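Participant: What follows is a single structure, and I will ask about it in a moment.
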Amino acid sequence: MDFKKRTDLIGKEGSITKHFSIVDAVEYPTGVDVRVADATGEEYWVSLDDIELEQ
């Protein structure tokens, strides 16, 4: 397979929009962390401040 390494993209920043479900949550004096699961089954912790919840 032929490919070209895109070194011009390395170091760039952006955002990803995903749909997820919160599967766990903990509150610390500094804020709230939530464990989320996405559609592929991947689970990871993020700060509640870093996500936008649907109403």
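The values are calculated or read from the model by the stated rules, or taken from the named source; none is laboratory data. Keep in mind it's a predicted model, so treat the numbers as computed, not measured. Quick reminder, even Gly has a Cβ in these numbers, built from the backbone with ideal geometry, and neighbours come from all protein chains shown. These area figures cover heavy atoms from the full protein model, side chains too; ligands, DNA and RNA do not enter into them. Shrake-Rupley method; radii C 1.70, N 1.55, O 1.52, S 1.80 Å.
Participant: Determine which single condition F3 fails, assuming it passes every other condition in (1) open to solvent by less than 70 Å² (accessible area, probe 1.4 Å); (2) at pLDDT below 95.
Facilitator: So F3 meets the others, but not (1).
Participant: Among the strands (runs of 3 or more DSSP E) contained in region 8-55, which hold 2 or more residues that are among the small types (G, A, S) and in contact (Cβ under 8 Å) with a residue 12 or more places away in the chain?
Facilitator: Passing ranges, in order: 20-28, 31-38.
Participant: Taking I16 as meeting all but one of (1) of a type in the set (A, V, I, L, M, F, W, C); (2) at pLDDT 95 or above; (3) open to solvent by 100 Å² or more (accessible area, probe 1.4 Å), write down the number of the exception.
Facilitator: (2)
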